[in-house]
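The values are calculated or read from the model by the stated rules, or taken from the named source; none is laboratory data. Please read all numbers here as calculations on a predicted model, not as lab measurements. Please note: Cβ atoms are built from the backbone with ideal geometry, for glycine as well, and neighbour counts cover all protein chains shown. Side chains included, ligands, DNA and RNA excluded: accessible areas come from the protein's heavy atoms. Shrake-Rupley method; radii C 1.70, N 1.55, O 1.52, S 1.80 Å.
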Amino acid sequence: MRTAVYPGSFDPVTMGHLDIINRSALLVDKLIVGVLNNNSKSPLFSVNERVNMLKEVTKDIPNVEVMSFSGLLVDFLKELDAKIVIRGLRAVTDFEYELQMSQTNRLLDNSIDTIFLNTNLKYSYLSSSVVREVARYGGDISKFVPEQVISRVYEKCGVNKEIIR
Ligand code: PNS
């Protein structure tokens, strides 16, 4: 049984994340989407809200499970008996940070490998922080996040969705 973990903040989940989830679920037997529960950042959505949104948007992918984790990613993988980390690479600017994370994870546990998937070109400049920024100013985020997530982002940002449409 080949289990992989796709970790991230997912604050909120974007179309780019969903694309990586769909594609990596085809490569492994089981894909665990791991939502980081990090109290030192102040996220827009609570960890439970992020987990629930991810569960909703992945409910039709049979081999995907969504869980939260805190602490080190390598410890989360050990608990799950997983050896593969999935990460998306959007542009060269992601590379240094991603390489540092993957090298650190291997220094902590050399049985773990990271598989990088290039993101769909359509989403190569998309990030959760861009979604939050556009939504805060009432911009259209309908192409950036899954349908089920749109109104929740506006609501969190205190933007009246009726005004947007
Ligand atoms: O979506 P993000 O914020 O880029 O995801 C970053 C994440 C959650 C993958 C990374 O911060 C992480 O793995 N945090 C857990 C703590 C850890 O294991 N740190 C050591 C690796 S640098």
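With all protein chains kept in place, the per residue accessible area of the chain amounts to 57 square angstrom at a probe of 1.4 angstrom. The residue among V92, A135, N110 whose Cα reaches farthest toward the positive pole of the charge dipole of region 41-161, with charges on the beta-carbon of Lys, Arg, Asp and Glu, is A135. The helix-only estimate of mean residue ellipticity at 222 nm for the chain, built from DSSP H runs of length n ≥ 4 each weighted as -39500 (n - 2.57), is -12500 deg cm²/dmol after division by the residue total. Other residues lying with their Cβ under 15 Å from the Cβ of A82 contribute a combined charge of -1, Lys and Arg counting +1, Asp and Glu -1. What relative contact order, as a whole-number percentage, does the chain give when Cα pairs under 8 Å and 6 or more residues apart are counted? Across the chain, relative contact order equals 28 percent. Here's the list of lysines a cross-link from K143 could span, going by alpha-carbon distance under 23 Å and ignoring same-chain residues fewer than 8 apart: K55, K59, K122, K156, K161. Taken along its three principal axes, the alpha carbon spread of the chain comes to 51, 32, 31 Å, from the longest extent down to the shortest.
Expressed as a whole number of Å, what is the distance separating the alpha-carbon centroids of region 86-163 and region 46-67? So the two Cα centres are separated by 15 Å. Label separation (R23 vs K161): 2.9 nm, computed from points 7 Å beyond Cα along the C-beta direction.
Estimated at the nearest 10 Å², the accessible area of K55 is 100 Å² with a 1.4 Å probe. Computed over protein heavy atoms with a 1.4 Å probe, the carbon and sulfur contribution to the accessible area of the chain reaches 50%. Once the C-beta distance of D140 and N110 is scaled by a Förster radius of 41 Å, the resulting FRET efficiency is 0.35 to the nearest 0.05.
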